[in-house]
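Where a number appears in this text, it was derived from the coordinates with a stated rule and is not lab data. For clarity, every value in this text was computed on a predicted model and none was experimentally measured. Every residue, glycine as well, gets a Cβ built from its backbone with ideal geometry; the counts of neighbours run over all protein chains shown.
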Amino acid sequence: MPDAGDAPTTDRRRSPAGGRARRAGAAGREGSGDRPVGADAESDSLNGGGVVSRAAAPGDDRPAGGRRRQRRSGVDADGPDGGPARGRPGARGRTGWGAAERDDDADPDSVARSICLRLLTDRARTRQELAQALRKRGVPDDAAARVLDRFGEVGLIDDAAFAGQWVRSRHTFRGLGRRAIAIELRRKGVDDETAGEALAEVDQEAEEQRARELVDRKLRTQRGEVDEAVARRLLGMLARKGYPAGVAYRAVREALAEHAAELAEQLPSGDED
């Protein structure tokens, strides 16, 4: 008689008893909490007694349900400084955290360096912006000061260079005037002297030219004659972008005069039969 272990595979697949046994075994493994090799290693963690889904890494496309679970648990999205706006200290944001930042026993200087380097890879930042980010993450002030001083010595923090880049970018691409840019620099911790040197690149002639470009671009979409309401909207746009009243009025008046002349040229002449 052949040994039972030598039975054909087809007989085992066709055996109803064998199928029920395999299903029962699988159910037992699931009920016992055992996970098969190669299963997804992601697991929920505990946060104040509540179950929290894992934080998203860069490029992570989680379903909407996962994001809702994360918001309910108290771990919020990134704030203005690139880190979590609220939630427990050390909670991971969308951009992720370094190993040193997740370790509660890590050296404060190492944590501060890790945070600053991660924020500086996104864009240049002022010393005040980095100091605020470190304070929000609970880094001691003395450790933050040591790291920021060292970053300044090696040129990773340079408020003057930051101000120059900020002025050129905001004036060229966003069309902001000197006054609006100066307010932004002050909010970012750039002192008035450094901001004034950077803003010297945008003189009155440059402001007038940029204001006129903004008005002309708006008028290109305007059909027919321009009434007083359109003129008020153009003046309001320039005021919100930080242009002085005199510059705004000249730009709008000259642009409207040219626009009216172009419309008059397009009208048919009354002498034609």
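Below is a table of values for the structure above.
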quantity	calculated
25 Å Cα-Cα reach of K136 towards lysines, excluding residues that sit fewer than 8 places from it in its own chain	K188
Calculated P(r) of the range 204-265 - Cα pairs past 13 Å, %	57 percent
Cut-off 15 Å between beta-carbons: net charge of the residues surrounding D191, Lys and Arg +1, Asp and Glu -1	-3
